[in-house]
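**Student:** Have a look at this one.
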Amino acid sequence: MTKVVILGAGAAPGVPSLCCGWGNCNPENKKNRRIRTSTYYEFPDSQILIDTSPDLRQQLITNQINYLDAVLYTHAHADHLHGIDDLREINRINQDSLDIYGCPITMEYIQQRFDYLLAEPGRKGDCILRASLIPHQITPNETFYIKETKITPIKLLGHNMPTTGYIFNDGEIVHIADFRAIDDKGLEQIKQRPKLLIMPLTTPEEKRFHAGLETILQYIEKINPEKTILNHMASECDYDEINALTPKNVYPAYDNMIIELKE
Ligand SMILES: [Zn+2]
Ligand SMILES: [Zn+2]
């Protein structure tokens, strides 16, 4: 069985946000309280984290995540990256370095901002005093493996920074991050009907650098997964409202939501 945990369902400001408060969200509904985005994947043979939210410390403690095989980065915006220092605790517990993956531009930003956390490629760093992360560059549509889990990175278009989506096991699970469009070559890498699709609904309305609900529903129809979870939601997205606006196998995420996928 594969287990997926939505560690944070919010967009960059979280809900409530300092600027907009609860916005369009009903404050009475606990599912509307959202921290920033990371997603945890527990495959039968591997444990993988996508993105390190600024709220990562809290997320790892709440969900008792003490071990990871790898971290995959979608892009280098702060709401997806700036909890990177919290990976030190994973290093400490396991007394080992940790592999991190991203496209060349993402890895370049990580190198510029968090050089002190990086170990030399192929060489462990000091796991006690600071995080020890081994950087790996990935190429869109070129498959790689974390243990037995097959991963194909794909290019996402139209965000204001190069962004990568990830396909697990030829399409068993598809994880899309901040985007306006998905590269056609990337869509071709989905070789089976996905059991799960993760899609970022920042706001229902289309924005300059983010797809809106209409575009997202079009992609869901095209990819045709068994189940879709909408994450990365700002205060414009009320849980019940989004639930009412979407087909019955499409669900808004909430913090600490667990999805279990049977074989
Ligand atoms: Zn984001
Ligand atoms: Zn972003």
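**Student:** Any idea which residue in segment 34-91 is nearest to Gln137 (Cα to Cα), counting only those that are within 16 Å of ligand 1 (Cβ to nearest atom) and basic (Lys, Arg)?
**Tutor:** Arg36
**Student:** Then there's this: Taking segment 170-188 as the region of interest, how many residues are small (Gly, Ala, Ser), more than 16 Å from Tyr101 (Cβ to Cβ) and within 16 Å of ligand 2 (Cβ to nearest atom)?
**Tutor:** 1
**Student:** Just to verify a result, which residue in segment 153-169, among those that are surrounded by fewer than 18 Cβ atoms within 10 Å (Cβ to Cβ) and within 16 Å of ligand 2 (Cβ to nearest atom), is nearest to Ile110 (Cα to Cα)? If you could, list the steps in order and put the result at the bottom.
**Tutor:** Quick first cut of segment 153-169, residues surrounded by fewer than 18 Cβ atoms within 10 Å (Cβ to Cβ) only: 157-158, 160-161, 169.
In the following step, the residues that additionally are within 16 Å of ligand 2 (Cβ to nearest atom) were identified as 157-158, 160-161.
On the way: Leu157: 20, Gly158: 21, Asn160: 17, Met161: 14 Å.
Residue satisfying both the conditions and the ranking: Met161.
**Student:** Anything in segment 1-21 that is assigned to a loop (DSSP other than H, G, I, E, B), in contact with a strand residue (DSSP E or B) (Cβ under 7 Å, 6 or more places away or on another chain) and either open to solvent by 10 Å² or more (accessible area, probe 1.4 Å) or of a type in the set (Lys, Arg) (or both)? List them, or say none.
**Tutor:** The answer is Met1, Ala12.
**Student:** Among (1) assigned to a strand (DSSP E or B); (2) within 15 Å of ligand 1 (Cβ to nearest atom); (3) of a type outside the set (Ser, Thr, Tyr), which single condition is Asn160 missing?
**Tutor:** It fails just one condition, (1).
**Student:** Would you point out the residue of segment 170-187, among those that are free of Cβ contacts under 8 Å to residues at least 40 places away in the same chain and open to solvent by 10 Å² or more (accessible area, probe 1.4 Å), that is nearest to ligand 1 (Cβ to nearest atom)?
**Tutor:** Only one residue fits best here, namely Arg180.
**Student:** Name the residues in segment 189-202 that are in contact (Cβ under 8 Å) with a residue 40 or more places away in the chain, in a loop (DSSP other than H, G, I, E, B) and more than 16 Å from ligand 2 (Cβ to nearest atom), would you?
**Tutor:** Gln189, Lys195 - these are the residues of segment 189-202 that are in contact (Cβ under 8 Å) with a residue 40 or more places away in the chain, in a loop (DSSP other than H, G, I, E, B) and more than 16 Å from ligand 2 (Cβ to nearest atom).
**Student:** Then there's this: Need pairs with beta-carbon distance below 7 Å; first residue small (Gly, Ala, Ser) and within segment 21-34, second in a loop (DSSP other than H, G, I, E, B) and surrounded by 13 or more Cβ atoms within 10 Å (Cβ to Cβ); sequence gap 6+ or separate chains.
**Tutor:** Gly23/Ser235; Gly23/Glu236
The values are calculated or read from the model by the stated rules, or taken from the named source; none is laboratory data. As the structure is a computational prediction, the values presented were derived from the model and not from experiment. A quick note on method: Cβ atoms are made from the backbone with ideal geometry, for glycine too, and the neighbour counts reach across all protein chains shown. Side chains are part of the model used for accessible areas, which takes the heavy atoms of the whole protein and leaves out ligands, DNA and RNA. Shrake-Rupley method; radii C 1.70, N 1.55, O 1.52, S 1.80 Å.
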